[in-house]
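Remarks on the structure that follows.
None of the figures in this text is laboratory data; all of them are computed from the coordinates on show. What you are looking at is a predicted structure, and each value in this text was computed from that prediction instead of being measured. When we count neighbours, we look across all protein chains shown, and the Cβ atoms used for this are built from the backbone with ideal geometry, even at glycine.
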Amino acid sequence: MRRRGLAAVLAVLALASCGSEDSGPGTGSRPPGTQVTIRVPADAPTIAAGVSLAQPGDLVLVAPGVYHESVKVDTERVTLRGESRDGVVIDGQLRRPNGIVVTASGVAVQNLTVRNNTQNGVLVTGSATAAAGSPGQGGYDTGDEPVAFLKSFLVSHVTATRNGLYGIYAFSAQNGVIEHSYASGSPDSGIYVGQCKPCRIVVRDNIAELNAVGYEGTNASGEMYVVGNRFAGNRVGLTTSSDHQEKLLPQQDATIAGNLVAGNQQTPTPEQADGGWGIGIGVDGGSSNLFVRNRIADNVTAGLVITATSDIPANGNQVVANTFTTNTLDAGWTFPTATRGEGNCLQGNDITTTAPADLAVSAACPATGASPSATWTRPKPPPGIPFTDVAAPPAQPQFPNATTAGPTVVPEFPELPNPANIPLPAASLLADYALIHTT
C-alpha cells in the first residue's frame, strides 16, 4: 500500500523548485534564561528560525499566520506549539517535501496545521534516510545500516491535510504518542507508524478521513496500541502489515481497540496504488495482533480481512468482542498464494456474514492449524481525485491553554493503555469534528 512512485516524482520536483529552506539559523534572538518561550514572529521571524534558537526545555510558540517553510526540529526536548490550531498553518505550497521533521527525542509538536507538502505533514524519525527524504526511495530504509530509533515524541492537536504521502508519519521511532489529531487527503495513509520493535507507541483519539488509508502500521511491533480513533470515510480504514521495503519484519503484537472503522468507501479521496477500497480493517502478513471492541460498520467490501503477503504468513490474530454492522461481508480470510496463516480466530463478536461461511465456528478461539480461505465478489474501486482537491477539514479542538501553558515534558516512556478498560465506541465517536458521518 505504497505511493512511492508518486512520492519520488513529487520529491524530485520539490528539490528542483525549492533549493534550500526558506529560512535558516542565525536570525532572531532567544530570550535569556532556561526553559524560555521563543515567540514567532516576535523573537524570530520564522518558525524554522525560532526552532534553531531553541535549547532543550524551550517552547517555540507561534502566532497565527500562514508560514511558507519547512521546519526541522533537531534539538531534544523542544516544544513546538501554535497559538491557534487552525490559525497557525505551515503550508508547503506543493514545493516542499515535509512540513515538520522531528529528528530529536523528547520533542512535542502541538496545536497547528500542516498542509500542501509533497511527502509528509509531520515526520518523526530516527532514520537519516527518511529525514533526508531521498527521492529514489521515498524516504524509507532499505539499506544494510542498523536501525536507528528516535526515542520519545508527542504529536498532539495537529491537523495534517492534503500532503502527498502521509499526514502524520512516525518511522523508526519509539516511545511516543499521536493523539487528538486530524489527518485527511493523504494518497497513502493519514497516520502511519512503521519500522519499530518494540514500538511502545500509542495512537489515540484521532480522526483520519478522506485518505487512501486512515491508519497504517507496517513492521510496527510490540506494545503498539491504536485505540479510540475514528477511521471513517477513507478508502480503507486501517491496515496492519509486513513489508520487505522496511526493516524489522514481520509485523507482530499490535492492539487495535475501541476504534470506529466505518464507511470506508469514499469516492472523493486520493486513489491508492493497489486500489484498496471498501475495507474496514486489513491484515496483510501481520501476526499475533489483537482486535478487540472495535465498531466496524458500513464497509462495502468487508469489515475485516486477513491475508498474507507473498512470503509472510498471517498467524495468531485474535478478533474478539467486536461489533460488525451493515458491512457487505463482516469478516473474510483469503490466502490467494501458497503462503497462508494459522491460528487466526474469532471470539465473542457481534457478527453476521463471514467467508468462509462457517468462520465464526470453525475458527473459534483458541484456533489451531491452518486458517481456512475463501474468495468473494469485490466492488470495483472508483477513480480517485488529486490529494490537492480533498475537502478542507472542519475546525478542530484546540490544545488547552495553548498560549499560557509552559513547555510540554514528553515522558521517556508513555503510559500504555490496558485493553480491558477500552470500551466499544459509539457510532458517533468524534463525529462533531468530522466531515464524513456514517449511519
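Here is the P(r) of the range 262-348: all C-alpha pair distances, binned every 10 Å from 0, give 18, 45, 32, 4 in whole percents.
Its residue count N fixes a reference of 2.2 N^0.38 Å for the chain, and the Cα radius of gyration divided by that reference is 0.94.
Here the alpha carbons of the range 244-312 define both size measures, Rg and Dmax, at 13.3, 34 Å. With both labels modelled 7 Å from their Cα along Cα-to-Cβ, the Val66 to Ala427 distance reads 3.9 nm. For the pair Ala405 and Asp389, the difference between a 0.36 nm per residue extended length and the Cα-Cα distance amounts to 2.2 nm.
Calculated [222 nm] ellipticity per residue, helices only, for the chain: -2000 deg cm²/dmol; basis is -39500 (n - 2.57) per DSSP H run with n ≥ 4, divided by all residues, nearest 500. Let me have the relative contact order for the chain, percent, based on Cα pairs under 8 Å that are six or more residues apart. It comes to 12 percent, rounded to a whole number. Note on Gln347 and Ala370: their simple-model spin labels are 2.5 nm apart, each label 7 Å out from Cα toward Cβ. When peptides 236-245, 155-164, 327-336 are ranked by their average number of other Cβ atoms within 10 Å per residue, the highest-first order is 155-164, 236-245, 327-336.
Using only Cα atoms, tell me the angle between helix 4-18 and the longest principal axis of the chain; keep it within 0 to 90° and round to the nearest 10. Helix 4-18 sits roughly 10 degrees off the main axis of the chain. With the convex hull of its Cα atoms as the shape, the range 380-430 has an orientation-averaged projected area of 8.4 nm².
Note on the chain: dipole from Cβ charges, positive end direction compared against Thr334, Ala360, Gly214; the farthest Cα belongs to Gly214. Relative contact order of the range 170-325, taken over Cα pairs closer than 8 Å and 6 or more residues apart, is 19 percent. Stretching the chain fully between Ala132 and Ala148 yields a gain of 4.3 nm (0.36 nm per residue, less the alpha carbon separation). With coordinates expressed along the principal axes, the C-alpha atoms belonging to the range 215-369 extend over 36, 36, 30 Å, beginning with the largest.
With an 8 Å cut-off on Cα pairs and a minimum separation of 6 or more residues, tell me the relative contact order of the range 321-395 in percent. Walk me through the numbers on the way to the answer.
On the way: 90 pairs, mean separation 24.4, N = 75.
Dividing the mean separation by the residue count of the range 321-395 yields 33 percent.
Coordinate range of the alpha-carbon atoms in the range 70-132 per principal axis, descending: 28, 25, 10 Å.
Per-residue packing, averaged as other Cβ atoms within 10 Å, sorts the ranges 114-124, 368-378, 261-271 into the order 114-124, 261-271, 368-378, beginning with the highest. Expressed in Å, the radius of gyration and Dmax of the Cα atoms of the range 129-230 are 13.0, 37.
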